[in-house]
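S.K.: Take this structure, written in structure tokens, and hold onto it; I'll ask about it next.
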Amino acid sequence: MNGFDPYDALVPVYLETEIPQRCRQLGTAVFVEVQGEPFLYSAAHVFDEGKHGRLLAPTQYGLLTIEGYIGYVDLPPDMSRAEDQADVAYCRLSSRFSAALRHHFQPLPQDRREIIASALDLTVCSASGYPASKSKKNAEGMHSSTIFSFRGVAAEREVYESLDLSPESSIALHFHKKQAVDPSTGKAFPTPALNGISGGGIFAWPKGHETSKDWELPKLVGIVHSFKEKEGLIIGSSLIFFLPMLVLGRMKGFGSIP
């Protein structure tokens, strides 16, 4: 193992709007490098909010507008994002913005990412990101947030069938807030709302290490996009969705982003 802390690759995403005039934490993104190029992977509905204002991320210069080319899974004209079962997007970052982002974050190495054949092969995963309820702004106007990981057991085939999802492309985890426990004590733990972890990472723990605290072990296998609280399910998409998206983006030259 290379000793990389995957939390270093999780980036809080903010939205700044003029009406109303405010800046709030919106979601999460995962900082990665693919063939030497810098990207943020996230949920498409997070990047969609850029239509209503400026998407920002923390850099060495404070919160800056995320600069780059955004790629999505194309939807039919009559389909809304709410019906999008993939709900993933990426931003091929400009070299300038990537350099500024690295002051606080580091891209997740290739050997810490895995494209799985089926989510049915998973045992336990952690969905990690920045809950919006933990975002704060101090008297000087500085924003801060806190990472949380929500660990759950991978769902069975029946769950995917009930949701009309495929375990070859989607990942579902059982997570009931009222049954959450602190892994260090085994006692009940009041977890924050999961709003804001959309776009965060789904990290798979190896078999035999389901209760481990060693973050050198899990690999990124997916991106979180929703939480069905009533059903007790965290849902995300496998990294396999990014393969055709990146191929198409390269064919377009990623919008000539330097």
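The values are calculated or read from the model by the stated rules, or taken from the named source; none is laboratory data. Just so we're clear, the structure is a prediction, and the values are computed from it rather than from any experiment. All Cβ positions, even for glycine, are placed from backbone atoms using ideal geometry, and neighbour counts span all protein chains on display.
S.K.: Where residues in the range 51-63 are touching a strand residue (DSSP E or B) at 6+ places or on another chain (Cβ under 9 Å) and crowded, with 17+ Cβ neighbours inside 10 Å, which of them is nearest to Met245 (Cα to Cα)? Can you show your working first?
M.R.: Step one: list which residues in the range 51-63 are touching a strand residue (DSSP E or B) at 6+ places or on another chain (Cβ under 9 Å), which gives 52-58, 62-63.
Checking which are crowded, with 17+ Cβ neighbours inside 10 Å leaves us with 53, 55-58, 63.
On the way: Gly53: 24, Leu55: 21, Leu56: 23, Ala57: 23, Pro58: 26, Leu63: 27 Å.
Out of the qualifying residues, it is Leu55.
S.K.: Moving on. Within the range 43-140, which strands (runs of 3 or more DSSP E) (wholly inside it) include 3 or more residues that are not hydrophobic (A, V, I, L, M, F, W, C)? Break it down into steps so the answer makes sense when it comes.
M.R.: Details: elements: 54-59, 62-65, 68-72, 88-93, 124-129.
Qualifying strands (runs of 3 or more DSSP E): 54-59, 68-72, 124-129.
S.K.: Something else: Within the range 21-47, work out how many residues are surrounded by fewer than 19 Cβ atoms within 10 Å (Cβ to Cβ) and under 21 Å from Ala127 (Cα atoms).
M.R.: 1
S.K.: In the set Gly152, Gly196, which member is touching a Phe, Trp or Tyr at 6+ places or on another chain (Cβ under 8 Å), outside any strand (DSSP E or B) and within 29 Å of Glu83 (Cβ to Cβ)? Reasoning before the result, please.
M.R.: On the way: Gly152 fails: outside any strand (DSSP E or B).
Just one listed residue meets the conditions, Gly196.
S.K.: Out of all the residues in the range 1-19, which are at pLDDT 90 or above, of a type outside the set (A, V, I, L, M, F, W, C) and over 15 Å from Lys136 (Cα atoms)?
M.R.: Across the range 1-19, the qualifying residues are Asp5, Pro6, Tyr7, Asp8, Thr17, Glu18.
S.K.: Right, another one. Pairs, please: C-beta under 9 Å, at least 6 apart or cross-chain, first residue in contact (Cβ under 8 Å) with a residue 60 or more places away in the chain and more than 23 Å from Phe242 (Cα to Cα) and in the range 10-35, second of a type in the set (A, V, I, L, M, F, W, C) and outside any loop (DSSP other than H, G, I, E, B)?
M.R.: Close Cβ pairs (under 9 Å, with a partner that is of a type in the set (A, V, I, L, M, F, W, C) and outside any loop (DSSP other than H, G, I, E, B)) amount to Cys23/Leu15; Cys23/Leu56; Cys23/Leu63; Arg24/Leu15; Arg24/Ala132; Gln25/Val13; Gln25/Leu15; Gln25/Ala132.
S.K.: Next question, about the same structure. Out of the range 216-231, which residues are within 15 Å of Glu114 (Cβ to Cβ) and either in contact with a strand residue (DSSP E or B) (Cβ under 9 Å, 6 or more places away or on another chain) or part of a strand (DSSP E or B) (or both)? I'd like the intermediate steps shown before the answer.
M.R.: In the first step, residues of the range 216-231 are kept if they are within 15 Å of Glu114 (Cβ to Cβ); the result is 216-223.
Hits for the range 216-231 are Leu217, Pro218, Lys219, Leu220, Val221, Gly222, Ile223.
S.K.: Which condition from (1) charged (D, E, K, R); (2) surrounded by 16 or more Cβ atoms within 10 Å (Cβ to Cβ); (3) over 17 Å from Leu108 (Cβ atoms) is the one that Glu18 breaks?
M.R.: (2)
S.K.: A further question on this structure: Kindly establish whether Phe189 is over 15 Å from Leu120 (Cα atoms) and modelled with pLDDT of 90 or more. Reasoning before the result, please.
M.R.: Numbers: over 15 Å from Leu120 (Cα atoms): yes; modelled with pLDDT of 90 or more: no.
No; evaluated as a whole, the condition is false for this residue.
S.K.: While we're on this one: So Gly196 fits all but one of (1) farther than 21 Å from Val88 by Cα; (2) modelled with pLDDT of 90 or more; what number is the exception?
M.R.: Just one mismatch for Gly196, condition (1).
For every residue, the table says whether it meets (1) in contact (Cβ under 8 Å) with a residue 60 or more places away in the chain; (2) surrounded by 13 or more Cβ atoms within 10 Å (Cβ to Cβ).
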residue	(1), (2)
Lys230	no, no
Ser238	yes, yes
Phe241	yes, yes
Pro244	no, no
Arg250	no, yes
Gly255	yes, no
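S.K.: Here's another thing I want to ask about it. For Ile19, work out the one condition from (1) hydrophobic (A, V, I, L, M, F, W, C); (2) within 24 Å of Leu165 (Cβ to Cβ); (3) not in a strand (DSSP E or B) it doesn't fulfil.
M.R.: Here Ile19 clears every test but (2).
S.K.: Tally the residues that are under 13 Å from Ala57 (Cβ atoms) and of a type in the set (Phe, Trp, Tyr), restricting the search to the range 5-34.
M.R.: We begin by selecting, within the range 5-34, every residue under 13 Å from Ala57 (Cβ atoms); these are 9-16, 23, 25-31.
Within this subset, residues satisfying the condition of being of a type in the set (Phe, Trp, Tyr) are 14, 31.
Summing the residues that are under 13 Å from Ala57 (Cβ atoms) and of a type in the set (Phe, Trp, Tyr) in the range 5-34 gives 2.
S.K.: I'd like the full set of residues that are outside any helix (DSSP H, G or I), more than 14 Å from Cys125 (Cβ to Cβ) and not polar (S, T, N, Q), limited to the range 157-175. Spell out the reasoning first.
M.R.: Filtering the range 157-175 for residues outside any helix (DSSP H, G or I) gives 164-175.
Subsequent filtering for residues that are more than 14 Å from Cys125 (Cβ to Cβ) retains 164-166, 168-169.
Answer for the range 157-175, where residues must be outside any helix (DSSP H, G or I), more than 14 Å from Cys125 (Cβ to Cβ) and not polar (S, T, N, Q): Asp164, Leu165, Glu168.
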